[in-house]
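Take a look at the structure set out below.
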Amino acid sequence: NVLIDCWTKSNSPDAPREAVKLLDTIIAKYKSADLDEGPNVVTYSSVMTAYAKQGDVVGAQKVFDRMQMDYYAGNKAAKPDIRSYNVLIDCWTKSNSPDAPREAVKLLDTIIAKYKSADLDEGPNVVTYSSVMTAYAKQGDVVGAQKVFDRMQMDYYAGNKAAKPDIQSYSILVDCWAKSNHKDSSRAAEKLLNSITAKFQSGELDAVTYSSLMAAYAKQGDVSQ
């Protein structure tokens, strides 16, 4: 798993291929009794991440399907978890596909349904929602990003403490307004920033948040702001 993780972090274009080769080696060695354990959810999720970092949805999905097949074949350690689904969503976000928002929301809905039916041990968390929001933000779809943010807040207020919006969630909304062509984008972004400063300490605000607000003003040619 450490070797696979190393390839994932290497940013090498060969990372997905090398990660899959290591996965195949693990499976072969386990079948020949040279390894006491087979691949687990961490193994598969790390291989998926190698594909996700390159926005390769097809590759990530294939590894996810292998993990599910392994789990249904009796390998309980290969049960997909919230991290596995988060990697898939992140992969769609990085793919730059026009279908990314729709596919990300479908995965969010799947997570919620599986959690309710006890097929998942955890429901969506702030990383899940923020990744789906990012899929919309990259296309400047403010309405879509806001809807996901509202779902996250409702989930949090309903008792899912893992879904509490954080500074990144708000920053994504600011960035989404900055990327949109809406005439009120700068005003909306500034309103969000005011909301952020009221909710978080100044030390928690990062350069990305302020840069997004500046971009919103710059897009409208407002140099003074």
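The values are calculated or read from the model by the stated rules, or taken from the named source; none is laboratory data. Given the structure is predicted, the values throughout are model-derived calculations rather than measurements. Quick reminder, even Gly has a Cβ in these numbers, built from the backbone with ideal geometry, and neighbours come from all protein chains shown. Protein only, heavy atoms only, side chains kept; ligands, DNA and RNA dropped before computing areas. Shrake-Rupley method; radii C 1.70, N 1.55, O 1.52, S 1.80 Å.
Values as computed for the structure displayed
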{"read-out": "Among (1) of a type in the set (Ser, Thr, Tyr); (2) in contact with a helix residue (DSSP H, G or I) (Cβ under 6 Å, 6 or more places away or on another chain); (3) free of Cβ contacts under 8 Å to residues at least 40 places away in the same chain, the one test that Tyr85 misses", "value": "(3)"}
{"read-out": "Among the candidates Ala178, Ala162, Ala158, residue that is closer than 18 Å to Leu108 by Cα and touching a helix residue (DSSP H, G or I) at 6+ places or on another chain (Cβ under 7 Å)", "value": "Ala162"}
{"read-out": "Close pairs (9 angstrom Cβ cut-off, 6 or more residues apart or separate chains): free of Cβ contacts under 8 Å to residues at least 24 places away in the same chain and over 15 Å from Pro16 (Cα atoms) in the range 54-76, assigned to a loop (DSSP other than H, G, I, E, B) and open to solvent by 40 Å² or more (accessible area, probe 1.4 Å) anywhere", "value": "Gln68/Lys79; Tyr71/Lys79"}
{"read-out": "Per-region count, the range 75-128, residues within 22 Å of Gln168 (Cα to Cα) and of a type in the set (Phe, Trp, Tyr)", "value": "2"}
{"read-out": "Of the criteria (1) in contact (Cβ under 8 Å) with a residue 12 or more places away in the chain; (2) closer than 24 Å to Gln54 by Cα, which one Leu120 fails", "value": "(2)"}
{"read-out": "Failed condition for Lys138, given (1) surrounded by fewer than 18 Cβ atoms within 10 Å (Cβ to Cβ); (2) at pLDDT 70 or above", "value": "(1)"}
{"read-out": "Residues within the range 29-55 that are closer than 22 Å to Met69 by Cα and open to solvent by less than 60 Å² (accessible area, probe 1.4 Å), tallied", "value": "14"}
{"read-out": "Pair list, Cβ < 7 Å and 6+ apart or interchain, from the range 7-24 residues that are charged (D, E, K, R) and surrounded by 14 or more Cβ atoms within 10 Å (Cβ to Cβ) to residues that are part of a helix (DSSP H, G or I) and at pLDDT 95 or above", "value": "Glu18/Trp7"}
{"read-out": "Filter result (open to solvent by 30 Å² or more (accessible area, probe 1.4 Å) and either among the β-branched types (Val, Ile, Thr) or not in a helix (DSSP H, G or I) (or both)) within the range 141-156", "value": "Asp141, Val143"}
{"read-out": "Flag for Gly74 being modelled with pLDDT of 95 or more and in a loop (DSSP other than H, G, I, E, B)", "value": "yes"}
{"read-out": "Any hit, the range 111-124, residues being buried (at least 19 other Cβ atoms within 10 Å of the Cβ) and in a helix (DSSP H, G or I)", "value": "yes"}
